[in-house]
Amino acid sequence: MSLVPPQPAYMHRLELSTRCMGESYASQSVMDLSNLLSDKMSLKELVGDLYRPFEAQHVDQIVAVHVQKETISPNSNGEVAVNETGAYHFTTAIAGAIAGTKHLAYGELSMIRKTIVAKTPSKTTFRASKCKRVVTLDCGDGKFTVELKRKAIGEAARVLLVVDWINEAESIIAARDALTKLGCDVVGATFVLATNEDVLCNLKSAQVAYSCSWNPSHGANLNTKLSNGSGNGSSRCTCHQAETSNGQSSRKRPRNSDIDSDPSVKVLLSHRTAEYQANDPSEDRCLNIVKSTDEGVQINAVFDGHGGSRAVEHIRTSLCQHILEQVSSKNSSDKISEIVKSAFARSDEELKQSLLSLPEKTRMSKGYCNAGACAVIALFINSVLYIANVGDCAAVLGKVSKETQGLQAIEVSVDHSCNNPQETKLVIERSHDRNAIRMSKDDQATGAGIIGVKRVAGSLAMTRAFGDFYLKCPELSSAPFKSKVPYITSEPSITTVYMNGSEKYVILASDGLWDVMTPQEAVHIVDKFGTSMRNAVYTGRPSLMV
């Protein structure tokens, strides 16, 4: 019995754990699932699609199947020695998500393929390891060893097997037989990807019910090899289209050396988000969007509100959408910069009009006319990166130095604060206030002198911001600022980076990070804790973590 749902939208990018899946030229897209684990909505969608066909099967337990590609062989004492790797992160995450969402028990087992097959492998046998507290079974005509912890699988449990991808059916069939021997009822297997149609046919022949989110029925055959995890490109994969009816096959994927020498190569992107809630409620927001109709376009953004959450909420929901509505991977750099500037102005004007529609007493009160937000966005258009910022949210690029081969931090945003002389000059020129940059009344009253923090109109630390209309427009301002506005603007500074593959990280953060950490420190920390993630998703392409 086969249960194959249609290909969902989230499968347009697929990158599986430690495996390099390459490109599907049938869909003309890189397939990437690494980001999916950090996207709650996409993960929820995947979990639902994988489990839905088995909803009526009364499943008791989800079992993650880790198919080890390493080999086993007898040592000098005649005992079996196993060369193992760690459990695959993606399988564990997906299986755990299904179990958690559906409130089911969770277990794991490892399938290890043998290099030497027993002479009499006709039936499944047990071997118990006292030191490891595991149950070990030989199965699959002696081709596999199955290992699982004692009591990891419930007695008489109805089990659903979960695996990230499969390129052969033997391991799933062997896992089913082993669990059946232990008294379990295996209702079927669910997996994200099958690399060839023979796998599905063999599962049908063995009467294994399955659910597969993506299969090669649309013409894409994927030849896969396990990455060595070093991220150095020594492990290769080739991916090609199935032969057409006239017997002609399409081109193979370019080799790593070809990619490295091509300055127009697309960079594989991934993102991670971390937040420390300093305020309650938090006024920080972030957003990560891939344009569904143009796979060459992606936007990541960080927003930092002040004076309440009204401004930051509006900007979070409007700014990136305005950009994505207009921008295209076919636009010129000048056109893209124009679109970004227009989107910033449009979002700010919409916020202004929403305030003007309120009763005067409301719009002139705290949390309204003084609500503002800073923002920094990273807009990726193929291999070009556009950084746009307003306020003191900043972006830092971590890239490999040609001279030292070490990581260097490059600030790719502009500091819109009173610490930037060029910005303070613009404030003075923009406003009608000869003393536009000054300390606050509190600092003046306490005699802080040169220690005090200089602010725009003695009030705002930023020289540019969304909102803060009391420093921007007469309709939402009052004395002593009204006659001297505008002090500030929402016009962004835009930096263009033409990527060449040496770029490793882009860090977007609010001033809460940059007040306590230098750009170089931030890059080193991300590199230290991000290396394992980058190695785990090696694809043979230049990659960039945001």
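The values are calculated or read from the model by the stated rules, or taken from the named source; none is laboratory data. Model, not experiment: these values are computed from the prediction. Backbone-built Cβ (ideal geometry, glycine too); neighbour counts: all protein chains shown.
The set of residues from segment 391-412 being crowded, with 17+ Cβ neighbours inside 10 Å and farther than 12 Å from residue 495 by Cα comprises 391, 392, 393, 398, 399, 407, 409. For segment 498-528, the set of residues classified as charged (D, E, K, R) and not in a helix (DSSP H, G or I) consists of 503, 504, 515, listed by residue number. Which members of segment 60-90 meet the condition of being at pLDDT 80 or above and either closer than 16 Å to residue 191 by Cα or surrounded by fewer than 15 Cβ atoms within 10 Å (Cβ to Cβ) (or both)? Residues satisfying the conditions are 61, 62, 63, 64, 65, 66.
Within segment 378-416, the set of residues being farther than 24 Å from residue 524 by Cβ and either under 22 Å from the mean Cα position of the chain (by Cα) or assigned to a strand (DSSP E or B) (or both) comprises 379, 381, 382, 383, 384, 386, 388, 390.
Scanning segment 476-490 for residues that are at pLDDT 95 or above and not in a loop (DSSP other than H, G, I, E, B) turns up 476, 489.
A Cβ distance below 9 Å, combined with a sequence gap of six or more or placement on separate chains, defines the contacts here; from segment 476-495, residues that are farther than 24 Å from residue 362 by Cβ reach no residue that is basic (Lys, Arg) and modelled with pLDDT under 90.
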